[in-house]
Every structure is written in structure tokens, then in C-alpha cells.
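Here the structure comes first, spelled out in C-alpha cells, and everything after it is commentary.
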Amino acid sequence: MAVLVVADHDNASLKDNTHKVVTAALAMSGDVDVLVASAKVGEIAAAAAKIAGVRKVLTAESAELGQGLAEAVGDLIVGLMGGYDAVLIPATAQGKNFSPRVAAKLDVAQISEVIEVVSADTFVRPIYAGNALETVQSADAKKVLTVRPTAFKAAADGGSAATESVPAPGAPAKVHFVDQKIVKSARPDLGAAKIVVSGGRAMGSAEEFQKVIEPLADKLGAAVGASRAAVDAGYAPNDYQVGQTGKVVAPELYIAIGISGAIQHLAGMKDSKVIVAINKDGDAPIFQVADFGLVSDYKTAVPELMAALEAAGK
Amino acid sequence: MKVLVPVKRVIDYNVKARVKSDQTGVDLANVKMSMNPFCEIAVEEAVRLKEKGVATEVVAVSIGPQQAQETLRTALAMGADRAILVQSDQDLEPLAVAKVLQAIIGEESPDLVLMGKQAIDGDNNAVGQMLSALLDWPQATFASEVVVEGGKAKVTREVDGGLQTLEVNLPAIVTADLRLNEPRYASLPNIMKAKKKELAVKELGSLGVDTKPRLKVVKVTEPAKRSAGIKVETAGDLVTNLKTAGVL
Ligand SMILES: Cc1cc2nc3c(=O)[nH]c(=O)nc-3n(C[C@H](O)[C@H](O)[C@H](O)COP(=O)(O)OP(=O)(O)OC[C@H]3O[C@@H](n4cnc5c(N)ncnc54)[C@H](O)[C@@H]3O)c2cc1C
């Protein structure tokens, strides 16, 4: 069987999510191709060609693909599916935007947020905010999966796949791109960072969030996350939200500061290797999943933590 | 302008789902059920469009068991004008839901479909996009702002890394994200009024839609439990422990 993996990128470089989804694809088949759909495929495609185990890299270039218009990306993939038995798409906001279109046009089910490939037709996925794991077997001729990247190890580099360009579909007629505000950050990507420092409602203001959470993150070389409450209140940008309906992270170290640990938040971070919670309420549910809990006001705990890290040579 | 709002009855977001011991699914007996929170946001947005004079009619539709009538009454109490229940005890997959909605849309011809981006039970995040593909109507998912004007909807969307704004021609499918609005609580007088609003019930079978499942649920299991660790006394102890754990 042949499997197509759709690359994750920001129109400039290939994201590590792609390597992780390739690992999932290789668990299904040895024939894995990667599709790079972008405004400018050059460097992204070159990086994808280096992933070990990839047979071929397909590239398609257009403004609409770069804007991630679901109609354009979806049509492109549907057009290619004659040659594939399955398509694996990273479960990012972008991937989730077009993936169900592909499933609907092929008249097959979408299997969402796959965290384990049991066999080429059987997969495990979380449901109910990760409180249950569902194993499903697909009877469809073609499989459309979104894959949760944090559940798979990144495939290594070391390959040298050939690259082949395919025509981009025409611009969708009924949707127009107006603009986009993407925050460029020097910090690591939330989904890929080894350490994540997240702040919650306790911060009380955007200024406080920036004063408390960001310096700690920078000291640790960490990405910054937030609870929904912190995002809703405007303390942090929307794409910082960690949780069931935000980003799912699984870093080596997750530090939750002033976050209570609601089911929906836990769904996005409970697979982290080590969890630290700083919360002044010793009964906060976050402590039930934390490896190390510090029951303290963050206003004293975080400066002390900064100092202790300094003393430890960080 | 007519707005159609699909709504789903799901486990209440405050309740932690428990897996059945025979691994056939999640135990929903005697569990509090509510309208899916994202559907609530969609209803709120539709009602606001009506209050602004942009929408003329808001129709709520649900596919589900008889008890989903309660969910529809909630939508009516929030301000929807009438409701349709497509009654079925089957647990439909997203593709089937999209096809049923397509059939209802064929009868109702709305100008805009406003719906939640995801249901918090299946966590699929798929129906809106599927519906858009089936109907060949444009889609704008994960909306945090919707402005309807001159036969178009200008939608700001939550995307990886920030926000994107799209303009879609109507009719269109828009799916709601958390920041679109804060849904109202229905007032007592409105709950009373909602009891008198029209709620039509159709049998799923009467629509002639193929809703056969494509996926076989092999089993439903509990995820590995994380056990609580230790409480440390000071930030210094924390750093020592993190070094020992090898994560610093
Ligand atoms: C449909 C839906 C989807 C959702 N999706 C998500 C999601 O993806 N991600 C998410 O995070 N949430 C999500 N939520 C929201 C979730 O239910 C919680 O409301 C939210 O996570 C709470 O955020 P919080 O922990 O920051 O705030 P709170 O629950 O208010 O907790 C604040 C914590 O800070 C502590 N605190 C206060 N002051 C201090 C201090 N000085 N020092 C130390 N500690 C202090 C308090 O003890 C408390 O535990 C969702 C909800 C719904 C309905």
C-alpha cells in the first residue's frame, strides 16, 4: 500500500511534525511519499527529501496553498489520492482545517488525532478529552487520518528522496484570503519544545503574564503556553492555549503556574514526561498529575525558582 | 437571511468520562448531559446576528435521541426561532452527520450554517469541513469573529501561530471557536417561551441518507493513569529534583 504524508511547514521551513507523521506512516507501509503544498516549496521540499524512509516528495506551489485555504489544499490531495491508499495529515489547526474535506470527497471516514498505529487499518485515538482511548478499524478503501504528532518519535534524517512537482489546483472561487497575523517568536515551537512553561488565570493581566512566565521560559529555553482562562482574558495570544481544544504538547518538562488543572487543560499536557505544578491551592487538581508540586504563591515561588536555576548554573 | 445551527447533546463538560468495564464505550447512564459548548457558542452567534437585524430566522437542528429535544429547547430559549430533531438512537460518525445535515439543508436552504468546531465527546473536529465539501459551499473554521455583510461573511480564524481573516461568499459554513463569544444563560421567561416554539421531529430513516458506520470500534480503554508525585517544599528542592529527573 502507498501512503501520502502531508508536510507541516510555515511556508519557510519544514516542521518536525512532518517527521513524526512519517513515523506513523512507516508503521503502515514502506511506500511513503510526502506532499509539500506551499507558496514556496524549495527549502521545505529539500528538507522533506532528507527524511529517512521517504520514497518521493511531491510539491505543489500556489498562493492559495501558501495561505492554507482548505478548499485548495483539500482539492490537491483528493486529486492525488488515486495513487494512494491512505493519507496522513498532522493534527494541527491547519491540518484539521482541510483533512475532513478530503475524507468527505472520497466518501470515507476521517480517523482523527491518531496516537497509535495498530495495523494498516486499525488505529487508536483519544476521545472525551483523552479520558478514553478508542481503537477503531476502518473498512474504507482509502484511509484519511489526522495524526497527533506528539505521540510519535520523529523519523531521522538520512534519506535522499526524489522530488516531483504536481500541478496546483486553481484558486477557490468562493473564498478570499484577506490577511493573516502570525506572531513570530524567537522561542521554540509550543508543539515541539523540550520544555513548556504555562501560565493560567492566576496571572491576572497580560503584563503580569509577560513579567512572570516569559522570563522563566527564556531562562529554560522553553516555549510558552497558557490555559484557556488566560487566553480568554487576553493575558496570552490564542495560539498559546494548551488543551483539549487547543494545542497538545508532550515535552520533557511541563511547568504549570497558577493553572487549576481542568479536564480540558490536562487533555493537552498529561503526556508530558515530567509535570511541575506551582499553585497556592494544595487541593488543585493539577497536583493529581504533577510529578513535583510546589504549593505556593507564584509571586514568591517564581522569583525563587529563577534564583535557584541561576544558582544551579542555568 | 436564514441561519441554521446544528447542535449536539453531549456529556457535560464538567463531567469526567468513565470507560465501561466491558470496553465497549463510555458510560453515559445517569451522567449529566448538556449542549456541546461549541454549539452553544454557535447558537449565541446566530442569535446575535438576529438581534443585529442581519439574520431573519435562526433554525436549530439536532441529530440524536429523543432527549436531544431538551438540547433544542435550550437553543430555543437562547433565541433560536424553531427547531428540528432528526431522531436516531444510532451514534453517527461525522461523515453521516454531515450527510444528514446536507439533507436538512436541502429542505431549509439557509444562507449560513453556524456550528461548533468540535464536539467534546468524539473530539473529531470534522463535520463542518465535511459539510462544506459535500455542499461545495465555502468554509471558515475556528472562527473568533464573524461579520456578515453584502452576501459575504468576513471571518477571523484561530490558526497555528495567530489569526487569519477570510472572506467567504454566502451560503457558507462557519465553525465556532472558543473566543467567538460568551454564550448567554437563557432567562426564565425565555425558557417558558421556548416551550411554545415549533420543534419538528423527523425520523432519521425518512431522510434516505446512508449513515452506515465506516469504522468498527474494536474497544474503548482507559488511558494509562498518571499518579500524583511528591510535593516539594522550596524552589531549590524543585530544581534539585528536576536535575535528578534529568529534565534540566
Ligand atoms: C469546550 C471547552 C473547551 C475548553 N478547552 C480548554 C483548553 O483547551 N485548554 C484549557 O486550558 N482550558 C480549556 N477549557 C477551560 C477549562 O475548563 C478551565 O476553565 C480552564 O482550563 C481554567 O484555566 P485556569 O486553570 O488558568 O483557571 P482557574 O481554573 O481559575 O485556576 C486558576 C488557578 O490559579 C491558582 N492561583 C490563583 N492565584 C494564585 C497565586 N497567586 N499563586 C499560585 N496559584 C494561584 C488557583 O488556586 C487556581 O487553581 C475549556 C472549556 C470548555 C467548556
By residue number, the members of the range A:291-313 that are more than 7 Å from chain B (Cβ to nearest Cβ) and among the charged types (D, E, K, R) are A:Asp297, A:Lys299, A:Glu310
From the option list A:Asp121, A:Asp107, single residue qualifying as open to solvent by 10 Å² or more (accessible area, probe 1.4 Å), within 11 Å of chain B (Cβ to nearest Cβ) and at positive phi is A:Asp107
Of (1) away from the ligand (no atom under 16 Å from the Cβ); (2) in contact with a strand residue (DSSP E or B) (Cβ under 7 Å, 6 or more places away or on another chain); (3) more than 26 Å from B:Ala80 (Cα to Cα), B:Thr211 satisfies every one except (2)
TODO: Output yes when any residue across the range A:241-250 is open to solvent by less than 10 Å² (accessible area, probe 1.4 Å) and more than 9 Å from the ligand (Cβ to nearest atom), and no when none is.
DONE: yes
When the range A:202-217 is checked residue by residue, the ones that are near the ligand (Cβ under 8 Å from one of its atoms) and either within 14 Å of chain B (Cβ to nearest Cβ) or modelled with pLDDT under 95 (or both) are none
Every listed condition ((1) over 19 Å from A:Lys247 (Cα atoms); (2) within 16 Å of the ligand (Cβ to nearest atom); (3) within 14 Å of chain B (Cβ to nearest Cβ)) holds for A:Gln180 save (2)
Matching residues in the range B:66-82 (within 16 Å of the chain's Cα centre (by Cα) and not in a helix (DSSP H, G or I)) number 1
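Please find, among B:Ile84, B:Ile63, the residue that is away from the ligand (no atom under 16 Å from the Cβ), under 16 Å from B:Ile120 (Cα atoms) and more than 13 Å from every other protein chain (Cβ to nearest Cβ).
After applying the criteria, what remains is B:Ile63.
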If we keep only residues of the range A:251-269 that are surrounded by fewer than 24 Cβ atoms within 10 Å (Cβ to Cβ) and under 15 Å from A:Ala192 (Cα atoms), then the residue farthest from the ligand (Cβ to nearest atom) is A:Glu252
Checking B:Thr175, B:Thr141, B:Thr165 in turn, the sole residue that is in a strand (DSSP E or B), open to solvent by less than 20 Å² (accessible area, probe 1.4 Å), closer than 15 Å to B:Lys117 by Cα and within 7 Å of chain A (Cβ to nearest Cβ) turns out to be B:Thr141
Condition met for B:Leu28 (more than 14 Å from chain A (Cβ to nearest Cβ) and either out of contact with any Ser or Thr (no Cβ under 6 Å at 6 or more places or on another chain) or closer than 25 Å to B:Pro213 by Cβ (or both)): no
- Message: Could you go through the range A:284-305 and let me know if any residue there is closer than 19 Å to B:Thr244 by Cβ, acidic (Asp, Glu), at pLDDT 95 or above and open to solvent by 10 Å² or more (accessible area, probe 1.4 Å).
- Response: yes
Residue set A:Gly74, A:Gly79; condition surrounded by 21 or more Cβ atoms within 10 Å (Cβ to Cβ) and not polar (S, T, N, Q); output residue A:Gly74
By residue number, the members of the range B:28-64 that are open to solvent by 10 Å² or more (accessible area, probe 1.4 Å), assigned to a loop (DSSP other than H, G, I, E, B) and touching a strand residue (DSSP E or B) at 6+ places or on another chain (Cβ under 7 Å) are B:Leu28, B:Val31, B:Val54, B:Thr56
All conditions in (1) over 18 Å from A:Val102 (Cβ atoms); (2) surrounded by fewer than 24 Cβ atoms within 10 Å (Cβ to Cβ) are true of A:Glu64 except (1)
Contact list, first residue from the range A:82-101 and within 7 Å of another protein chain (Cβ to nearest Cβ), second anywhere and assigned to a loop (DSSP other than H, G, I, E, B) and at pLDDT below 95, beta-carbon distance below 8 Å, six or more apart or interchain, is A:Thr92/A:Gly191; A:Thr92/B:Asp160; A:Ala93/B:Asp160; A:Gln94/B:Asp160
- request: Report yes if A:Pro188 is in contact (Cβ under 8 Å) with a residue 24 or more places away in the chain, more than 21 Å from A:Glu252 (Cα to Cα), in a loop (DSSP other than H, G, I, E, B) and touching a Gly at 6+ places or on another chain (Cβ under 8 Å), otherwise no.
  value: no
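To keep it simple, each residue is scored yes or no on (1) surrounded by 15 or more Cβ atoms within 10 Å (Cβ to Cβ); (2) among the hydrophobic types (A, V, I, L, M, F, W, C); (3) over 30 Å from B:Gly64 (Cβ atoms).
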residue	(1), (2), (3)
B:Leu180	yes, yes, no
B:Met192	no, yes, no
B:Lys219	no, no, no
B:Val247	yes, yes, yes
Of the residues in the range A:218-232, those that are near the ligand (Cβ under 9 Å from one of its atoms) and either in a loop (DSSP other than H, G, I, E, B) or of a type in the set (Asp, Glu) (or both) number 2
*Residue in the range A:271-280 that is surrounded by fewer than 24 Cβ atoms within 10 Å (Cβ to Cβ), farther than 30 Å from A:Gly313 by Cα and within 9 Å of the ligand (Cβ to nearest atom) present*: no
Conditions (1) part of a strand (DSSP E or B); (2) more than 16 Å from A:Asp157 (Cβ to Cβ); (3) in contact with a Ser or Thr (Cβ under 6 Å, 6 or more places away or on another chain) -> A:Val36 fails only (2)
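The values are calculated or read from the model by the stated rules, or taken from the named source; none is laboratory data. What you are looking at is a predicted structure, and each value in this text was computed from that prediction instead of being measured. Note: ideal-geometry Cβ built from the backbone for every residue, glycine included; neighbour counts use all protein chains shown. Keep in mind that these areas ignore ligands, DNA and RNA; they rest on the heavy atoms of the full protein, side chains included. Shrake-Rupley method; radii C 1.70, N 1.55, O 1.52, S 1.80 Å.
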